[in-house]
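To keep things clear, I will list the structure first and then write my remarks on it.
The values are calculated or read from the model by the stated rules, or taken from the named source; none is laboratory data. Please read all numbers here as calculations on a predicted model, not as lab measurements. Here the Cβ positions follow ideal geometry from the backbone for every residue, glycine too, while neighbour counts run over all protein chains shown.
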Amino acid sequence: MSILKRTGYFVGLPLLLVIAWWALTLGPTNFYVPTPQKLAETFWKVWTGERFFTDFLPSIARLLIGLVVTIVLGIVLGVLIGSYRWLRSLTEPVLEFFRAIPPPVLVPLFMLIIGANDQMRIVVIVSGAIWPVLLNTVEGVRAVDQVLTNTSRTYRIDGFARLRYLVLPAATPQIMTGIRQSLSIGLILMVISEMFGGSSGLGFTIVLFQRGFAIPEMWSGIVVLGLIGIALSLISKAIERRVLRWYHGLKEVQRDS
Amino acid sequence: MTTTPMLSIKKLKKVYQVADGEIEAVRDLTFDVADGELICIVGPSGAGKTTLLKCIAGLLTPTSGTIDLAGSPVVGPPKAMAVVFQEYGRSLFPWMTVRANVELPLKNQGVPKAERDTLVDNALEAVELEHVPKSYPWQLSGGMQQRVAIARAVAYRPKVLLMDEPFAAVDAQTRADLEDLIRNIWHKLGVTILFITHDIDESVYLGQRVIMLSNSPTVVQDDLTIDLPDVRDQLETRSSKRFAELRSHVYEQIQLAKASKPTGAVIAQKTRRPAKARRS
Amino acid sequence: MLSKRVSGPALGFVGILLFLLAWEAAPRLGLVQERFLPPASKVLAALVDYFGQAAFWRDTGETMLAWGIGLAVSIIAAVILGLVIGSSSFLGKATYTTIEFLRPIPSVALIPLAVLLLGVKIESSLLLVIYASFWQVLLQVLYGVADVDPVADNTARSYGLGPLARARYVVWPTVLPYLITGIRLASAVALILAITAELVIGSPGLGYQIALTQSGGAVPEMYALIVATGIIGILINLGMRLLERRVLAWHSSIRSEVVA
């Protein structure tokens, strides 16, 4: 496909949609939907000013800290539970129950116990985002190839070395799947924790705008959230491509054979 | 002869517990392997060959009987033993290059880098794969992958090399090359080799001795010394009269073994339980 | 290894008992404050209490209504759109960037919009539920259509099967397992969004009740409602697995690998 055609497909529909949006808002000022120019102006004004430091960065920081804790805790617990069958059987029903609880429900709970502060928000993020990581890690650890495991045993690769050379690399594709899911859950929980009982942050700000009927500002906030979601998706795809290069190669060969 | 045999298996017995009772896979296996010997083990399908190998390798605990490696009993995978499995695709680490794969057991043992590099280089040369160190296993053909597994075992410098039907999943052309490769390595290194196969011709071509197993519950059916010349050639040796005689002998024994119905429930020990379904 | 003899389900049961025991003991022994974590017995008592109240069932009904309607609408929309986009290579390429762009947008971003446009009613919940569930199903349908065997499709064409017949005999059986996976994922997401909407916006339902109990300091009641939502989540999960097994057992001869 030529570059021109590919660019056409790339921007075609989005461009059409933006044009339609502009056309629809051409008349007198619509209360609910700002014009594209107004939105762009407002976006710039709101988010490159003071709010960048008082709301945007703190939110991102909470999200990142929450995700890091989620991933580390999820993998550690997942490896532990996945490595011992009795532990898995013991904890499985209880974990299944906790995982079935819709994570947002825990926001009031943690607010009660911890208070309306940053620790609460991070705990909320972890409490919801950890499940895909944990469960996928357990599955990945459990499903390590038997022949590979036997090979490792015959060469006496045990203990920590076994974890490092066999278990973790083998489980990585599955773990990455879990991490990918946990990113979007983490973002959602960050926003909810700020919307529900917040005093700063993206979620709080957007609700503030909406309550004060500052509509273009509200939309600009929505756009910011959208951009963060997209950024997370792109970053995770990039990381996956690098870390799982061997896996993609392997799958391609298996597909062709 | 009073020298201790490298491997001494006495009255090996393995009984599996299954849902509705027991399966006696191996009833009584007794044989010795001298230091530096290359012996082949043949038997009909389901004859407990893999069970035997796993017990010797320390991966399975026998129900009764003893396995001694250079005089000491085998409890868990012994340090001086290396195993080459049939499923080469699954025994190499797909996230590591060829070189990293061969190097891993040495790295794990704490062998210093300079020595490691020499051992790995020599091993890769011995299997004629010195030109693909940076490739990944899945980029290589089946035969080449098995060579990597063999290089890994060779670099490890084991006293005993166990091979579980290593060439069964490889095409005939490659198999011939690999057979000669094994004999070369054996001559060069003087390592003791236990070679399990279902291919009768291969067992006679390769071994100094061929041990024939009965059907399950398995015992040693026959033990034949191969008095072919030490230097063997795919074309000449295989078309010699003595080869044909030895081969017939083994063939007859295996036919006898197959004919005697296995007592008790017959299940191929290689059947694995289906993996549990994945969940999201 | 003695653990080999103890069966899985038995251990699981023991796990549940241990957990309940710990939950009961911790507040009673003073390890945690009771106003933060009431003992299990109090929570379960509050839950049983709720079961006898009409208001509880009304709230549960509201939540399930938002869940059900939202799920149904999103499935229908996603199937139609997915089949249409998936079966045309032009549409597939043209919509790719738009879909990849809109998909990662968190549905919670729409909360203020929903409040603005629709107010504190069930319609707000529906907007969120539909938006989030739609993408789950759409993606799976697209995977499914992409998985259709071109050889089978061409063969059908050569036998003179028109687009509708092909859709029925070739496309649909391939798409079905993917669709079921999408529905399963969407059903979980739908519950989360329904409760979220109620929690944050205040539309009627269990989420709203949880917010009320929290601000009112009715702690055992709050925990009881949380447990209730967990039970609902498990029931939905079980229901979906049952659905999956029934529909796909029927199709197991045709189905190929399912994207987890």
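Within the set of pairs 6 or more residues apart or between chains, which connect a residue that is more than 8 Å from chain A (Cβ to nearest Cβ) inside region C:203-230 to a residue that is among the small types (Gly, Ala, Ser) and surrounded by fewer than 19 Cβ atoms within 10 Å (Cβ to Cβ) with Cβ atoms less than 9 Å apart?
Note: pairs meeting the criteria are C:203/C:119; C:205/C:61; C:208/C:202; C:209/C:55; C:212/C:218; C:220/C:45; C:224/C:45.
If residue A:106 satisfies every condition in (1) buried (at least 16 other Cβ atoms within 10 Å of the Cβ); (2) over 24 Å from residue C:15 (Cα atoms) but one, which is the exception?
Condition not satisfied by residue A:106: (2).
Do we find that residue C:44 is in contact (Cβ under 8 Å) with a residue 24 or more places away in the chain and under 28 Å from the mean Cα position of the chain (by Cα) in this structure?
For residue C:44, the condition - in contact (Cβ under 8 Å) with a residue 24 or more places away in the chain and under 28 Å from the mean Cα position of the chain (by Cα) - is met.
Inspect all residues belonging to region C:77-86 and state whether any of them is part of a helix (DSSP H, G or I), in contact with a Pro (Cβ under 9 Å, 6 or more places away or on another chain), within 13 Å of chain A (Cβ to nearest Cβ) and not small (Gly, Ala, Ser).
no
Please list, ordered by first then second residue, the pairs with beta carbon atoms under 7 Å, 6 or more apart or interchain, first in region B:92-104 and more than 11 Å from chain A (Cβ to nearest Cβ) and buried (at least 22 other Cβ atoms within 10 Å of the Cβ), second in a loop (DSSP other than H, G, I, E, B) and β-branched (Val, Ile, Thr).
Hits for this filter: B:98/B:132.
Within region B:80-94, take every residue that is in a helix (DSSP H, G or I) and of a type outside the set (Ser, Thr, Tyr) and give me the one that is farthest from residue B:109 (Cα to Cα).
It comes out as B:89.
Please give the number of the condition residue C:54 fails out of (1) small (Gly, Ala, Ser); (2) closer than 30 Å to residue B:60 by Cβ; (3) away from chain A (no Cβ under 14 Å).
If we test residue C:54 against (1) small (Gly, Ala, Ser); (2) closer than 30 Å to residue B:60 by Cβ; (3) away from chain A (no Cβ under 14 Å), just (2) comes out false.
Among the candidates C:184, C:166, single out the residue that is within 14 Å of chain A (Cβ to nearest Cβ), charged (D, E, K, R) and in contact (Cβ under 8 Å) with a residue 12 or more places away in the chain.
C:184
For region A:178-200, state whether one or more residues are aliphatic (A, V, I, L, M) and not in a helix (DSSP H, G or I).
No; the residues of region A:178-200 include none that is aliphatic (A, V, I, L, M) and not in a helix (DSSP H, G or I).
Restricting to region A:166-197, give me the number of residues that are under 27 Å from residue C:211 (Cα atoms), within 10 Å of chain B (Cβ to nearest Cβ) and without any contact (Cβ under 8 Å) to a residue 24 or more places away in the chain.
Going through region A:166-197, the residues under 27 Å from residue C:211 (Cα atoms) turn out to be A:181-197.
Those left that are additionally within 10 Å of chain B (Cβ to nearest Cβ): A:181.
Imposing the further condition that a residue be without any contact (Cβ under 8 Å) to a residue 24 or more places away in the chain reduces the set to none.
Final tally of qualifying residues: 0.
Any residue in region C:246-259 that is among the small types (Gly, Ala, Ser), within 30 Å of residue C:47 (Cβ to Cβ) and within 14 Å of chain A (Cβ to nearest Cβ)?
Taking every residue of region C:246-259 in turn, none turns out to be among the small types (Gly, Ala, Ser), within 30 Å of residue C:47 (Cβ to Cβ) and within 14 Å of chain A (Cβ to nearest Cβ).
Can you tell me which of (1) of a type in the set (A, V, I, L, M); (2) within 12 Å of another protein chain (Cβ to nearest Cβ); (3) in a loop (DSSP other than H, G, I, E, B) is the one residue C:148 doesn't meet?
Here residue C:148 meets the rest and fails (2).
Residue B:77 - would you say it is more than 8 Å from every other protein chain (Cβ to nearest Cβ) and outside any helix (DSSP H, G or I)?
Here the answer is no, as residue B:77 does not meet what is asked.
Is at least one residue of region C:12-35 touching a residue at least 24 places away in the same chain (Cβ under 8 Å), buried (at least 19 other Cβ atoms within 10 Å of the Cβ) and either among the acidic types (Asp, Glu) or in a helix (DSSP H, G or I) (or both)?
no
How many residues does region B:128-159 hold that are in a helix (DSSP H, G or I), touching a residue at least 12 places away in the same chain (Cβ under 8 Å) and surrounded by fewer than 21 Cβ atoms within 10 Å (Cβ to Cβ)?
Residues flagged as in a helix (DSSP H, G or I), touching a residue at least 12 places away in the same chain (Cβ under 8 Å) and surrounded by fewer than 21 Cβ atoms within 10 Å (Cβ to Cβ) within region B:128-159 amount to 4.
Return the only residue of C:109, C:94 being assigned to a helix (DSSP H, G or I), of a type in the set (Gly, Ala, Ser), within 14 Å of chain A (Cβ to nearest Cβ) and under 30 Å from residue C:62 (Cα atoms).
Working: C:94 fails: under 30 Å from residue C:62 (Cα atoms).
Step by step, each of C:109, C:94 is checked, and only C:109 is assigned to a helix (DSSP H, G or I), of a type in the set (Gly, Ala, Ser), within 14 Å of chain A (Cβ to nearest Cβ) and under 30 Å from residue C:62 (Cα atoms).
I need the full set of residues from region A:42-57 which are surrounded by fewer than 17 Cβ atoms within 10 Å (Cβ to Cβ) and touching a residue at least 12 places away in the same chain (Cβ under 8 Å), in order please.
A:54
Quick check on my filter: what residues within region B:174-210 are buried (at least 23 other Cβ atoms within 10 Å of the Cβ) and in a strand (DSSP E or B)?
Passing the criteria: B:192, B:193, B:194, B:195, B:196, B:197, B:210.
Can you give me the number of residues within region B:200-229 that are of a type in the set (Asp, Glu) and closer than 13 Å to residue B:30 by Cα? Explain how you work it out, then say what you get.
If we filter region B:200-229 for residues that are of a type in the set (Asp, Glu), which is where we start, we get B:201-202, B:222-223, B:227.
Filter once more, keeping what is closer than 13 Å to residue B:30 by Cα: B:222-223.
Matching residues across region B:200-229 total 2.
Mind listing just one residue for me: the one in region C:47-76 that is assigned to a helix (DSSP H, G or I) and of a type in the set (Gly, Ala, Ser) and, of those, surrounded by the most Cβ atoms within 10 Å (Cβ to Cβ)? Lay out the reasoning, then the answer.
To start, the set of residues in region C:47-76 that are assigned to a helix (DSSP H, G or I) comprises C:47-51, C:54-76.
Pick out the ones that are also of a type in the set (Gly, Ala, Ser) and you get C:54-55, C:61, C:66, C:68, C:70, C:72, C:74.
Details: C:54: 7, C:55: 9, C:61: 14, C:66: 30, C:68: 15, C:70: 28, C:72: 13, C:74: 26.
If we take residues in region C:47-76 being assigned to a helix (DSSP H, G or I) and of a type in the set (Gly, Ala, Ser), then C:66 is surrounded by the most Cβ atoms within 10 Å (Cβ to Cβ).
Which of (1) in contact (Cβ under 8 Å) with a residue 24 or more places away in the chain; (2) closer than 26 Å to residue A:64 by Cα; (3) within 14 Å of chain C (Cβ to nearest Cβ) does residue A:137 not meet, given it meets every other one?
(3)
Only one residue in C:191, C:138 is away from every other protein chain (no Cβ under 11 Å) and modelled with pLDDT of 90 or more, so which one is that?
Exactly one residue qualifies, and that residue is C:138.
Could you please give the count of residues in region B:1-14 that are in contact with a strand residue (DSSP E or B) (Cβ under 9 Å, 6 or more places away or on another chain) and either part of a loop (DSSP other than H, G, I, E, B) or surrounded by 15 or more Cβ atoms within 10 Å (Cβ to Cβ) (or both)?
From region B:1-14, those in contact with a strand residue (DSSP E or B) (Cβ under 9 Å, 6 or more places away or on another chain) are B:4-14; that's our starting set.
This time we only want the ones that are either part of a loop (DSSP other than H, G, I, E, B) or surrounded by 15 or more Cβ atoms within 10 Å (Cβ to Cβ) (or both), so: B:4-9, B:12-14.
Final tally of qualifying residues: 9.
Can you confirm whether residue C:79 is surrounded by 17 or more Cβ atoms within 10 Å (Cβ to Cβ) and within 21 Å of residue C:235 (Cβ to Cβ)?
So residue C:79 fails the test.
Which of the following residues is surrounded by fewer than 23 Cβ atoms within 10 Å (Cβ to Cβ), more than 11 Å from every other protein chain (Cβ to nearest Cβ), assigned to a helix (DSSP H, G or I) and out of contact with any Pro (no Cβ under 6 Å at 6 or more places or on another chain): A:148, A:163?
Within the list A:148, A:163, the selection yields A:163.
With the condition being over 30 Å from residue A:179 (Cβ atoms) and away from every other protein chain (no Cβ under 13 Å), I'd like the helices (runs of 4 or more DSSP H) fully within region A:26-126 carrying at least 1 qualifying residues.
Because the criterion is at least 1 residues that are over 30 Å from residue A:179 (Cβ atoms) and away from every other protein chain (no Cβ under 13 Å), the helices (runs of 4 or more DSSP H) in region A:26-126 that meet it are A:36-47.
Please verify whether residue C:242 is more than 10 Å from chain A (Cβ to nearest Cβ), surrounded by fewer than 22 Cβ atoms within 10 Å (Cβ to Cβ) and out of contact with any Ser or Thr (no Cβ under 7 Å at 6 or more places or on another chain), treating the condition exactly as stated.
yes
Considering only region B:28-45, state which residues are crowded, with 20+ Cβ neighbours inside 10 Å and not β-branched (Val, Ile, Thr).
Residues satisfying the conditions are B:29, B:38, B:40, B:43, B:44.
Would you mind finding the one in C:43, C:32, C:6, C:48 that is facing another protein chain (nearest Cβ under 10 Å) and either under 14 Å from residue A:90 (Cβ atoms) or at pLDDT 90 or above (or both)? Outline the logic, then answer.
Working: C:43 fails: facing another protein chain (nearest Cβ under 10 Å); C:32 fails: either under 14 Å from residue A:90 (Cβ atoms) or at pLDDT 90 or above (or both); C:48 fails: facing another protein chain (nearest Cβ under 10 Å).
Just a single option satisfies the conditions, and that option is C:6.
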